[in-house]
Amino acid sequence: MKIFQQQVQISRKKRGFHLITSAILEACPFIKELKSGMCQVFIQHTSAALTINENADPTVREDFETYFSKAVPDNDPDYLHDYEGPDDMPAHLKASLLGSSVLIPIQQGAFALGTWQGIYLCEHRDKASARNLIVTAWGE
Amino acid sequence: MKIFQQQVQISRKKRGFHLITSAILEACPFIKELKSGMCQVFIQHTSAALTINENADPTVREDFETYFSKAVPDNDPDYLHDYEGPDDMPAHLKASLLGSSVLIPIQQGAFALGTWQGIYLCEHRDKASARNLIVTAWGE
Amino acid sequence: MKIFQQQVQISRKKRGFHLITSAILEACPFIKELKSGMCQVFIQHTSAALTINENADPTVREDFETYFSKAVPDNDPDYLHDYEGPDDMPAHLKASLLGSSVLIPIQQGAFALGTWQGIYLCEHRDKASARNLIVTAWGE
């Protein structure tokens, strides 16, 4: 077994949910070297997240933003932590609800995703910066 | 270290939460070959999920269905994506809230789960099909 | 590639969100031996969880408790499962919303966490016991 690791930077995105499967594959050619393995994509931030969901219809990603903005509202008067504005604490909460990484099997040098699965970068800040990811893949 | 990988199909289930720990173990005898390792179970769908929770009392699984159907309601007029009916978009949202995989340590050829832990297949569609899982285990 | 595995016990905590990054690193000196690898921390319980979030301001952790106690209320009359009190079923639900493990890249013998990331033990029971974790690390 061998292991590969690489930092990948995703350019600044607007608040919402964005497909990044192609960006990961392009930045990580070593995925093609594994016949049987695993790949983790990890985000080094606490106000953005990663998840796997529907890769075809953009309205799914719009509905994600609508749902999470209702379920974890900005400006809840109960929040104590608001140094960086009304989207600060909700961004942290959404990050933990969705998770800081995805873990995907590799088969024959490709992600063993279902037909409709893609990787989402979940950007929870109104004014975000670029986001750093660490991609690690291991296997045979 | 070595790695094993296998596709496992879980037969069609009704909407709700279903224990599948035994089905995974039966389909993946290679787990017994690892003294120290890891096992990932990944679901190749965006309207069902996997999680780890209480393995004994069926009312826990009923309460999961009740909770998630309230927290992510069918028929929310805000949903744009409803091609496949009122359970379509909520199924995608629940899939990301719960996650598309579980990752479990292996010790002495068995899952190192706590006494009360089991793997749930979380079926979010009213009329589901069989579900494809990819099980990957690695270690020594 | 090599793999290390160790049980770590975290002493009884009050209900809420607690930073345990240092406790994990102290209990697992083998992390320093990996130049490129992965580390999973797994909790063997269904009424507590693990997540990664902000490691600096204690009010973030207070806001986590406030949010999750509102989003998954104690004493919901819909719960069927309440053997162990009004915090029993909500603890199970929060455990699955947050997840039973975190998976962190290792670079040069250290967690490749972002500047503001730490590991939270999420304790959902009013009267908890100590919690058992299994830490597994693998790599080169």
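Which one of the conditions (1) touching a residue at least 40 places away in the same chain (Cβ under 8 Å); (2) in contact with a helix residue (DSSP H, G or I) (Cβ under 7 Å, 6 or more places away or on another chain); (3) open to solvent by less than 10 Å² (accessible area, probe 1.4 Å) does residue C:89 fail to meet, given that it meets all the rest?
(1)
Filter region B:27-71 for residues that are acidic (Asp, Glu) and within 16 Å of the chain's Cα centre (by Cα); which is nearest to residue C:71 (Cα to Cα)? Before you say what the answer is, go through the steps one by one.
Here is the first cut: in region B:27-71, the ones acidic (Asp, Glu) are B:33, B:54, B:57, B:62-63, B:65.
Checking the rest, the ones that are also within 16 Å of the chain's Cα centre (by Cα) come to B:54, B:62, B:65.
Numbers: B:54: 20, B:62: 18, B:65: 15 Å.
It comes out as B:65.
Here are the criteria: (1) in contact with a helix residue (DSSP H, G or I) (Cβ under 6 Å, 6 or more places away or on another chain); (2) touching a residue at least 24 places away in the same chain (Cβ under 8 Å). Tell me which single one residue C:95 does not satisfy.
(1)
Output the residues belonging to region A:9-48 that are more than 30 Å from residue B:140 (Cα to Cα) and within 12 Å of another protein chain (Cβ to nearest Cβ).
Answer for region A:9-48, where residues must be more than 30 Å from residue B:140 (Cα to Cα) and within 12 Å of another protein chain (Cβ to nearest Cβ): A:17, A:45, A:46, A:47, A:48.
Part of a helix (DSSP H, G or I), more than 14 Å from the chain's Cα centre (by Cα), surrounded by 22 or more Cβ atoms within 10 Å (Cβ to Cβ) and modelled with pLDDT of 95 or more - does that describe any residue in region B:93-107?
yes
Filtering region A:65-85 down to residues that are in a loop (DSSP other than H, G, I, E, B) and charged (D, E, K, R), which residue is farthest from the other protein chains (Cβ to nearest Cβ)?
So, considering only residues that are in a loop (DSSP other than H, G, I, E, B) and charged (D, E, K, R), the one farthest from the other protein chains (Cβ to nearest Cβ) is A:74.
Out of curiosity, is residue C:110 open to solvent by 30 Å² or more (accessible area, probe 1.4 Å), over 28 Å from residue A:81 (Cα atoms), in contact (Cβ under 8 Å) with a residue 24 or more places away in the chain and of a type in the set (A, V, I, L, M)?
It is true that residue C:110 is open to solvent by 30 Å² or more (accessible area, probe 1.4 Å), over 28 Å from residue A:81 (Cα atoms), in contact (Cβ under 8 Å) with a residue 24 or more places away in the chain and of a type in the set (A, V, I, L, M).
Just one of A:48, A:71 is open to solvent by 10 Å² or more (accessible area, probe 1.4 Å) and either at pLDDT below 95 or closer than 25 Å to residue C:98 by Cβ (or both); which is it?
Checking each option against the conditions leaves just A:71.
Which condition breaks for residue C:65 when tested against (1) touching a strand residue (DSSP E or B) at 6+ places or on another chain (Cβ under 7 Å); (2) of a type in the set (D, E, K, R); (3) surrounded by 20 or more Cβ atoms within 10 Å (Cβ to Cβ)?
The number of the failed condition is (3).
Do you know which of the residues in region C:1-28 that are of a type in the set (S, T, N, Q) and not in a strand (DSSP E or B) is surrounded by the most Cβ atoms within 10 Å (Cβ to Cβ)?
Narrowing region C:1-28 to residues of a type in the set (S, T, N, Q): C:5-7, C:9, C:11, C:21-22.
Filter again for not in a strand (DSSP E or B), leaving C:11, C:21-22.
On the way: C:11: 9, C:21: 17, C:22: 11.
Within region C:1-28, the match that is surrounded by the most Cβ atoms within 10 Å (Cβ to Cβ) is C:21.
Against the conditions (1) surrounded by fewer than 22 Cβ atoms within 10 Å (Cβ to Cβ); (2) of a type outside the set (Gly, Ala, Ser); (3) over 30 Å from residue C:139 (Cα atoms); (4) facing chain C (nearest Cβ under 7 Å), where does residue B:60 fall short? Just the number, please.
With (1) surrounded by fewer than 22 Cβ atoms within 10 Å (Cβ to Cβ); (2) of a type outside the set (Gly, Ala, Ser); (3) over 30 Å from residue C:139 (Cα atoms); (4) facing chain C (nearest Cβ under 7 Å) applied to residue B:60, the lone miss is (1).
The values are calculated or read from the model by the stated rules, or taken from the named source; none is laboratory data. What you see is a predicted model; the values in this text were computed from it and never measured. When we count neighbours, we look across all protein chains shown, and the Cβ atoms used for this are built from the backbone with ideal geometry, even at glycine. For the accessible areas, the whole protein counts, side chains as well, though only heavy atoms, and no ligand, DNA or RNA atoms are used. Shrake-Rupley method; radii C 1.70, N 1.55, O 1.52, S 1.80 Å.
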